[in-house]
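Undergrad: Shown below is the structure under consideration.
The values are calculated or read from the model by the stated rules, or taken from the named source; none is laboratory data. Here the structure is a predicted model, which means the values were calculated and not measured. Just so you know, the surface numbers come from the protein's heavy atoms only, side chains and all, with ligands and any DNA or RNA stripped out. Shrake-Rupley method; radii C 1.70, N 1.55, O 1.52, S 1.80 Å.
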Amino acid sequence: FLFCTMVALGGGWNLLTGSHVNVDIIYNRFGIRTRAIISILTSLLLFVFLFLVFRQNLLAAMQSLAWRETSASGWNPPLYPIKFIIPLGALLLLLQSIAMFVRHIIQAITGVEEVKIQPLTGEE
């Protein structure tokens with residue numbers, strides 16, 4: 001359950017910090033505007049994928065809640081709380097993707113590499 005939570009909720013954070021896998025060997029050969037346009041196009045595909053992941057997993061989680069689904073183990077924990085984590089993670093990743101999409105549009109228009117926003121770490 002903890003691993004599922006970590007993976008599902010970590011997607012938005014990974015996108016914010018640039019931890020996702022890229023094919024940098026090709027991508028970095030292009031200029032700022034070209035990279036931004038490529039990112040805009042791939043973001044559109046990502047939006048469709050994340051919407052489908054969100055919708056399908058939300059339906060599965062709601063069905064699991066209606067059935068009060070539990071594990072078949074001896075511990076027999078309820079499964080529906082963890083099933084709601086997956087669409088929540090997809091939603092958070094979608095929101096972060098939208099923020100990155102707007103940044104890429106600004107880069108494509110201006111051609112200026114914007115200053116990277118550093119996430120708050122609590123170490124000031």
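Undergrad: Order the following by accessible area, largest value first: Phe51, Phe3, Phe101. Probe radius 1.4 Å; ligands, DNA and RNA are ignored.
TA: Numbers: Phe51 110, Phe3 145, Phe101 40 Å².
I get Phe3, Phe51, Phe101, largest accessible area first.
Undergrad: On a 1.4 Å probe surface of the protein chains, which of Val102, Val23 comes out largest in accessible area, and what is the full order?
TA: Correct descending sequence by accessible area is Val23, Val102.
Undergrad: Follow-up. Report, by chain and number, residues whose modeled amide H sits under 5 Å from the one on Thr70, excluding near sequence neighbours (fewer than 5 apart, same chain).
TA: Long-range HN contacts for Thr70: Leu79.
Undergrad: If I ignore ligands, DNA and RNA and count only protein heavy atoms, how much of Glu114 is accessible to a 1.4 Å probe, in Å² to the nearest 10?
TA: 70 Å²
Undergrad: Quick one: compute the contact order of the chain, relative version, from alpha carbon pairs under 8 angstrom and 6+ residues apart, as a percent.
TA: Computed over the chain, the figure is 42 percent.
Undergrad: Measure nothing but the geometry: give the 0 to 90° angle between the long axis through the Cα atoms of 2-17 and the longest principal axis through the Cα atoms of the chain, rounded to 10°.
TA: Roughly 10 degrees, rounded to the nearest 10.
Undergrad: Roughly what angle does helix 32-67 make with the longest principal axis of the chain, taking Cα atoms, 0 to 90 degrees, to the nearest 10?
TA: Approximately 10 degrees, to the nearest ten.
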